[in-house]
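Following: one structure in structure tokens, then a few remarks.
Values in this text are rule-based calculations from the coordinates and carry no lab data. Note that this is a predicted model, so its numbers are computed, not measured. Note that each Cβ is placed from the backbone with ideal geometry, even for glycine, and that neighbours are counted across all protein chains shown.
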Amino acid sequence: MKRADFEQLFLQVPQLADKAPADFSITPLPGYTNRNYRLFNRHHDWVLRVPRSATGQFIDRVAEAANQDMACDLELAPRPVWRDVSGLSLTPTLVASRSATTADLAEASTLRAIIDALGKLHRSGIRFQGSVRLGQLLERYYSLLSGEQRRKFRRRMDSAQQLLPLLLDRDAAYVPSHNDLVLENLLVQRKRVWLIDWEFSAMASPYWDLATICNAANFDDRQSRQLLNAYCAGAEVMEESLLFDYRNLLQLLSDCWMAALVN
């Protein structure tokens with residue numbers, strides 16, 4: 001991002017309006033739907049999140065803010081010091097934190113921390129704004145693709161449309177869910193895990209978050225089963241076959257979303 005762009009952004013954020021980009025060491029951070037930057041100096045350590053313009057097609061920023069606040073109350077997410085309705089936000093940096101890796105998810109204590117965080121969210125009894133219907137969301141993302149892209153995904157979409165009615169008959173429970181637990185949205189900080197970027201959060205099947213983690217970590221069947229068993233310990237038993245179906249459907253959803261984002 002150019003210096004002039006940062007200067008304009010600083011004017012939009014009250015905490016930055018009387019400062020200049022030159023006052024900070026600015027480091028780009030990972031992100032797909034947003035451009036993220038760490039702003040660091042002797043007095044401040046913040047993350048500036050700048051939403052990409054295309055995300056307006058996908059994200060309800062009002063719902064995101066409300067759901068993130070509830071997650072903050074559960075101490076699962078860092079609380080922004082400022083944000084606006086476009087998704088531009090300023091949040092304190094989680095010092096000594098880093099994005100999770102596939103190696104982290106193969107390590108028992110980190111995986112346990114992730115499972116505990118999910119259980120705390122899913123079983124909290126809170127009600128997030130919005131709910132997701134996987135079939136409707138797939139159709140929406142598919143409709144945003146070019147004709148050539150649709151032809152590429154058509155066979156997978158046909159298979160998904162045959163599977164979805166059967167899946168929904170077996171999975172009616174909805175819980176407050178993050179819905180985008182890719183590795184970049186799992187921050188490891190010493191012995192705890194934070195969940196960040198609540199843009200797609202809503203009421204959803206608990207399988208959604210579990211399947212996303214399995215896909216992000218490229219778990220095999222044995223590892224997926226271990227994750228599901230650990231999540232269900234002391235709680236209601238869940239179906240391994242449903243987790244497998246969600247993994248396939250959410251991979252298709254992710255592929256369509258990525259294609260639509262760059263379309």
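Report the one residue of Phe40, Leu253, Thr110 whose Cα lies farthest in the direction of the positive end of the charge dipole of the chain (charges on C-beta: Lys and Arg +1, Asp and Glu -1; origin at the Cα centre).
Farthest along the dipole direction, towards plus: Phe40.
Between Arg79 and Val62, what is the spin-label point distance in nm, taking each point 7 Å from the Cα along the Cα→C-beta axis?
For the pair Arg79/Val62, the computed spacing is 2.3 nm.
With 17 Å as the cut-off, how large is the P(r) tail for the range 109-212, expressed as percent of Cα-Cα pairs?
60 percent
Add +1 for every Lys or Arg and -1 for every Asp or Glu among the other residues with Cβ under 12 Å from the Cβ of Thr101, and state the total. Write down the numbers at each step before the final one.
Numbers: positive: Arg98; negative: Asp104, Glu107, Glu184.
Surrounding charge for Thr101 is -2.
Could you size up the charge dipole of the range 209-263 around its Cα centre, putting +1 on the beta carbon of Lys and Arg and -1 on that of Asp and Glu, and report it in debye to the nearest 20?
Dipole of the range 209-263, to the nearest 20 debye: 140 debye.
For the chain, what proportion of DSSP beta bridges, expressed in % and rounded to the nearest 5, is antiparallel?
DSSP beta bridges in the chain are roughly 95 percent antiparallel.
Just check the range 119-179 against the gyration tensor rule for me: Cα atoms, a ≥ b ≥ c as the square roots of the eigenvalues, rounded for a/c under 1.5, and otherwise prolate or oblate depending on whether a/b exceeds b/c.
On the way: a/c = 3.51, a/b = 1.95, b/c = 1.80.
Prolate shape, in that a/c is at least 1.5 and a/b is the bigger ratio.
Enumerate the whole-percent occupancy of each 10 Å bin, from 0 to the last occupied one, for all C-alpha pair distances of the chain.
6, 28, 35, 22, 7, 1
Please provide three numbers in whole Å: the alpha-carbon extents of the range 23-151 along the principal axes, with the largest listed first.
Sorted from largest, the Cα extents of the range 23-151 read 51, 37, 31 Å.
Using the Kirkwood radius over Cα pairs, work out the Stokes-Einstein diffusion coefficient for the range 3-92 at 4 °C and 1.567 mPa s, in µm²/s as a whole number. Show your work: numbers first, answer last.
Details: Rh = 13.8 Å.
Value of D from the Cα-based Kirkwood radius: 94 µm²/s.
Contact order normalised by length for the range 97-261, with contacts defined as Cα pairs under 8 Å and 6 or more residues apart; what percent is it?
34 percent
Could you tally the net charge around Val193, taking each other residue with its Cβ under 12 Å from the Cβ of Val193, Lys/Arg +1 and Asp/Glu -1?
+2
Normalising by the residue count of the range 42-105, find the relative contact order in percent from Cα pairs under 8 Å and 6+ residues apart.
Result for the range 42-105 is 40 percent.
With the contact rule set at Cα under 8 Å and sequence spacing of 6 or more, what percent relative contact order holds for the range 1-111? Spell out each step's value before the answer.
Numbers: 123 pairs, mean separation 20.3, N = 111.
Averaging sequence separation for qualifying contacts and normalising by length gives 18 percent for the range 1-111.
Work out, in µm²/s and without decimals, the Stokes-Einstein translational diffusion coefficient of the range 223-263 at 20 °C, 1.002 mPa s, Rh from Kirkwood over C-alpha pairs.
The Stokes-Einstein estimate is 182 µm²/s.
Considering the Cα trace of the range 154-220, what is its radius of gyration and what is Dmax, both in angstroms?
14.3, 44
In debye, nearest 20, what is the charge dipole magnitude of the range 12-84 about its Cα centre with +1 on Lys and Arg Cβ and -1 on Asp and Glu Cβ, if you could check?
Numbers: 9 positive and 9 negative charges, 66 e Å.
The dipole of the range 12-84 has a size of about 320 debye.
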